[in-house]
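Here's the structure we're looking at; comments come further down.
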Amino acid sequence: EETETCRLRFAVSDTGVGMTAAEVAVIFTQFERVGSQQRAGTGLGLAISRRLVQAMGGELLVESEPGVGSTFEFDIEVPVVQAAVKETAVSSQQIMGYTGARQKILVVDDDESNLGVLCNLLEPMGFEVATAKDGREAVAQAQLNHPHLVLMDLVMPNMDGLEATRTLRQLPDQQAVPIIAVSAKAFAADRKEATAAGCNAFLPKPIDARELFALLQTHLALEWTYAEVDAVTIPLSDAPLVIPPQEVLASLYDLAQRGNLRAIEKKAAELIQVDAQYEPFAHR
């Protein structure tokens with residue numbers, strides 16, 4: 001049976017210093033480096049990239065203009081497959097919280113935005129959340145707060161997540177605490193290294209809320225409570241869609257970036273109370 005394929009084009013552009021025609025002619029040569037030698041690497045990256053693309057049946061091309069930037073692109077033929085649906089134990093209903101005693105979670109990440117995303121997912125569910133910005137602080141916080149579970153970033157300054165996990169596993173009161181590694185490095189080798197250090201599971205970045213809740217359910221033996229879903233009919237209106245002031249839009253955008261859906265719903269309801277002309281926008 002003939003496999004269906006499609007042709008994909010990948011292109012990456014920058015606004016850097018660019019290259020001359022003479023530099024473009026040698027840029028894919030092994031150990032060849034152009035531009036500032038202070039910023040130059042080994043000269044192997046592009047040569048290896050071209051060979052990888054050629055192995056997939058494509059050709060890596062570059063267009064560049066000095067002082068403007070460069071564009072690297074290639075086309076390859078790839079098979080069309082049906083995406084498998086990942087099974088999860090978490091219901092598609094909106095989770096409101098969980099039954100039983102309040103659970104403490106320690107979130108460890110040196111990136112403020114990542115901390116914000118996880119805190120905004122966990123706190124509305126009723127979790128008590130403590131945070132740490134590196135491995136050393138994580139070990140101190142764990143000894144101070146005795147969390148029921150730790151979400152551990154792997155790449156951090158001072159002490160990384162792997163070393164912090166190994167340190168926690170040496171403490172008698174932390175040996176049984178579930179530790180979930182959280183990282184954008186999600187190759188098999190990274191997962192194996194996290195497991196060897198003492199992590200119980202792996203959660204790739206960017207965070208998938210359903211996957212996070214499924215892991216929490218498994219490792220904390222949680223029973224979720226769900227919102228009651230009623231059929232709601234939003235009346236259609238011929239009224240124009242009046243856009244609220246810029247500061248309101250900025251606030252909504254910030255809440256959306258942090259994944260705080262409850263706060264967005266509250267802000268939309270408040271808009272209607274402020275001025276009825278915003279009702280079509282609020283419903284939308």
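The values are calculated or read from the model by the stated rules, or taken from the named source; none is laboratory data. Since the structure is predicted, the reported quantities are computational estimates derived from the model, not experimental observations. Neighbour counts are summed over all protein chains in view; Cβ atoms, including those assigned to glycine, are modelled from backbone coordinates with ideal geometry. Heads up: the accessible areas ignore ligands, DNA and RNA and are worked out on the full protein's heavy atoms, side chains in. Shrake-Rupley method; radii C 1.70, N 1.55, O 1.52, S 1.80 Å.
Here is how the numbers come out for the structure above:
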{"item": "Rg in Å to one decimal, and Dmax rounded to a whole Å, for the chain via C-alpha atoms", "result": "25.1, 69"}
{"item": "Restraint check, LYS133/LYS267; LYS185/LYS205; LYS104/LYS133, Cα-Cα greater than 19 Å", "result": "LYS133/LYS267"}
{"item": "Mean-position separation - Cα centroids, the stretch 255-281 and the stretch 106-137, in angstrom", "result": "25 Å"}
{"item": "Long-range amide H partners of ALA201 with built H, under 5 Å", "result": "ILE179, ALA181"}
{"item": "DSSP bridge orientation in the chain - percent antiparallel, rounded to nearest 5", "result": "50 percent"}
{"item": "Whole-number percent relative contact order across the stretch 111-258, with pairs defined as alpha carbons under 8 Å at least 6 apart", "result": "18 percent"}
{"item": "Listed residues ALA227, ALA263, ALA22, most fluctuating in the chain (Gaussian network, C-alpha, under 10 Å)", "result": "ALA22"}
{"item": "Size of electric dipole in the chain: Cβ of Lys, Arg +1 and of Asp, Glu -1, about Cα centre, debye, nearest 20", "result": "800 debye"}
{"item": "Mean separation of Cα contacts under 8 Å (6+ apart) over length of the chain, as relative contact order %", "result": "14 percent"}
{"item": "Heavy-atom SASA rank of ASP190, ASP111 (probe 1.4 Å, accessible area, largest first)", "result": "ASP111, ASP190"}
{"item": "Karplus-derived 3J(HN,Hα), 6.51/-1.76/1.60, for each residue of the stretch 171-185, Hz, glycine and proline x", "result": "8, x, 7, 10, 5, 9, 6, x, 10, 9, 6, 10, 7, 7, 8"}
{"item": "Calculated from backbone phi, Karplus (6.51, -1.76, 1.60) coupling profile of the stretch 142-157 in Hz, x at Gly/Pro", "result": "5, 5, 7, 9, 6, x, 7, 7, 10, 9, 10, 5, 9, 9, 8, x"}
{"item": "Gyration tensor (alpha-carbon) shape descriptor, the stretch 163-215, a/c threshold 1.5", "result": "oblate"}
{"item": "Amide H partners (placed H, <5 Å) of THR225, local residues excluded", "result": "MET96, GLY97, TYR98, THR99"}
{"item": "Residue-averaged 222 nm ellipticity for the chain, from DSSP H runs of 4+ at -39500 (n - 2.57), nearest 500", "result": "-10500 deg cm²/dmol"}
{"item": "Most positive-pole-ward Cα, LEU216, ALA197, GLN257, against dipole of the chain from beta carbon charges", "result": "ALA197"}
{"item": "In nm, spacing of pseudo-spin labels at GLU77 and PHE187 (7 Å Cα→C-beta vector)", "result": "2.9 nm"}
